[in-house]
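Below is one structure, written out as structure tokens, with a few remarks after it.
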Amino acid sequence: MSYYKILGLNKEPFSTSPDPDFFYESQEHHAALMRLMIEVTLRRGLNLILGDVGTGKTTLSRKLFQMFKARENIIFHMILDPTYETEELFLDSLVRTFKIEVTSATPTVLDYKEVLKKYLYRKGIEENKIVVLLIDEAQKLNPLSLETLRIFLNYETNEYKLLQLVLLGQLELLPKVQQMKNLWDRISLKYVLNPLDEQETKELIDFRLRQGGYDSALPVFSDEAISAIYRYTQGYPRRIAMLCHNALKALVMENKNVIDLEIIQDLIAMDVKVAA
């Protein structure tokens, strides 16, 4: 039997998979979501969300998709790994992502651009749909791919952009975009996700336990344990989830009633030893 069943949980509460149901909306994450919703709905064009590894960017993208998927006027597409060596490969990926049929057996770059342009005009004007393209790990985009996206952002009516682009990336994406002044000037939303503070770390842990089905009034983590978790993880959600996952396993194996400071200190010492 898995440890979370023993603890009366229905689901693994500290998985590092980007499950939107386990997305804790800190003040910053909530602000990023709401601003993205507004910018996309107003069809403003380019949105940039930056953050270090493990700050919750990917889970935020899944939450955004969850919020948009029920709306009939929004067509939502995602690219999770935008590593393309050539412009042709990137355009081919966009065509496949948008599920556009290409009649030519050996399409050229111009063919790809033309069918994508027609797609955006048909969906955005004739069908009045909001076409969203979210690219995760956007720091992997090369200058050719960024320039291609800039061109698509030129397609617009007098009132709105035909493509709503959301780039989620690590901080090294920033200088790449800044070097392209004609792309930088088109950014409607720039937002940086920072790690959680100690109170938010506690709230994230409590939230995830409740989402996993824990319904007891008894605390699972002592206050001292949570403080130690915060200090070691520095408030990064992914690190918090990994440490808490190991703490729950230790709780069961050591047959304790609460995850105390000793459990967390032992796990940290083990982690430091492995990393050394």
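Take Leu153 and decide whether it is in the same structural domain as Gly54 (by TED's automatic domain parsing) and of a type in the set (A, V, I, L, M). It would help to see each step written out before you state the result.
Values: in the same structural domain as Gly54 (by TED's automatic domain parsing): yes; of a type in the set (A, V, I, L, M): yes.
Judged against the criteria, Leu153 is a match.
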(message) Please pick out the residue among Thr59, Thr55 that is in contact (Cβ under 8 Å) with a residue 40 or more places away in the chain, assigned by TED's automatic domain parsing to the domain that holds Arg186 and in a helix (DSSP H, G or I).
(response) Thr59
(message) Being buried (at least 19 other Cβ atoms within 10 Å of the Cβ), within 14 Å of the chain's Cα centre (by Cα) and either outside the structural domain of Leu171 (by TED's automatic domain parsing) or touching a residue at least 24 places away in the same chain (Cβ under 8 Å) (or both) narrows it down to one residue among Tyr24, Tyr112; which is it?
(response) Tyr24
(request) Pull up the stretch 207-227, narrow it to residues that are part of a helix (DSSP H, G or I) and among the charged types (D, E, K, R), then point me to the one that is surrounded by the most Cβ atoms within 10 Å (Cβ to Cβ). (result) Arg208
(message) Within the stretch 245-276, take every residue that is surrounded by 12 or more Cβ atoms within 10 Å (Cβ to Cβ) and among the polar types (S, T, N, Q) and give me the one that is farthest from the chain's Cα centre (by Cα).
(response) Gln265
(request) Determine whether the stretch 228-236 contains at least one residue that is in contact with a Cys (Cβ under 8 Å, 6 or more places away or on another chain), in a helix (DSSP H, G or I) and either on the phi > 0 side of the Ramachandran plot or not small (Gly, Ala, Ser) (or both). (result) yes
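The values are calculated or read from the model by the stated rules, or taken from the named source; none is laboratory data. Predicted model only: the values in this text are computed from it and were never measured. With ideal geometry, Cβ positions are generated from the backbone for all residues, glycine too; neighbour counts draw on all protein chains shown.
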